[in-house]
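Right, one structure below, let's go through it.
Please treat every number below as a calculation from the coordinates, not as lab data. Not measured: the values here are computed from a predicted model. Counting neighbours? That spans all protein chains shown, and the Cβs are built from the backbone with ideal geometry, glycine included.
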Amino acid sequence: MKIGGGIIVAVVAAVALAAAMSMSIDVAAAEVNHVVGGDHGWDPTSDILYWSSDRIFRVGDQIWFTYSAAQGLIAELKSREEYESCNMSNPIMMYTEGLHTVPLEKEGMRYFDQV
């Protein structure tokens, strides 16, 4: 089982899902920009599980990754299996410049980890 600084994002539109974080639905809610890790951004010491535990991610929201590129890169992985096994050999996307906005355009799970 994966332990550490990764993040799983469950995006919902109209149905509550049981996932890695608690979620509820407010269909009329406005788009939200989620800065991963809070005000200080993502770093190796961030408690990402705590940060994400009370977040509600919806279609139309955005995830903002702010991090020091000197401390590592962010990889978006294809599956839970790749995430849990730390298999970053074939990521969907590598974020390398320290500031990235990821739009949440559809329902589903997204997996991110630091390389």
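GLU97 to ARG80: extension gain in nm, 0.36 nm per residue of separation minus the Cα-Cα distance?
On the way: separation 17, 0.36 × 17 = 6.12 nm, distance 2.47 nm.
Between GLU97 and ARG80, full extension yields 3.6 nm more.
Given a Förster radius of 22 Å and the C-beta distance between GLU107 and VAL32 as r, what FRET efficiency does 1/(1 + (r/R0)^6) yield to the nearest 0.05?
0.90
Net charge around VAL115, counting only other residues with Cβ within less than 13 Å of its Cβ (Lys, Arg = +1; Asp, Glu = -1)? Numbers along the way, then the final one.
Numbers: positive: none; negative: GLU76, GLU82, ASP113.
Here the count lands on -3.
Separation between the SER89 and ASP47 pseudo-spin-labels, each 7 Å from Cα along Cα→Cβ, expressed in nm?
Rounded to a tenth, the inter-label distance reads 3.5 nm.
Between GLN62 and VAL115, take the C-beta separation as r, use R0 = 25 Å, and let me know the FRET efficiency to the nearest 0.05. Each step should come with its number before you reach the end.
On the way: r = 22 Å, r/R0 = 0.86.
That pair, GLN62 with VAL115, gives E of 0.70.
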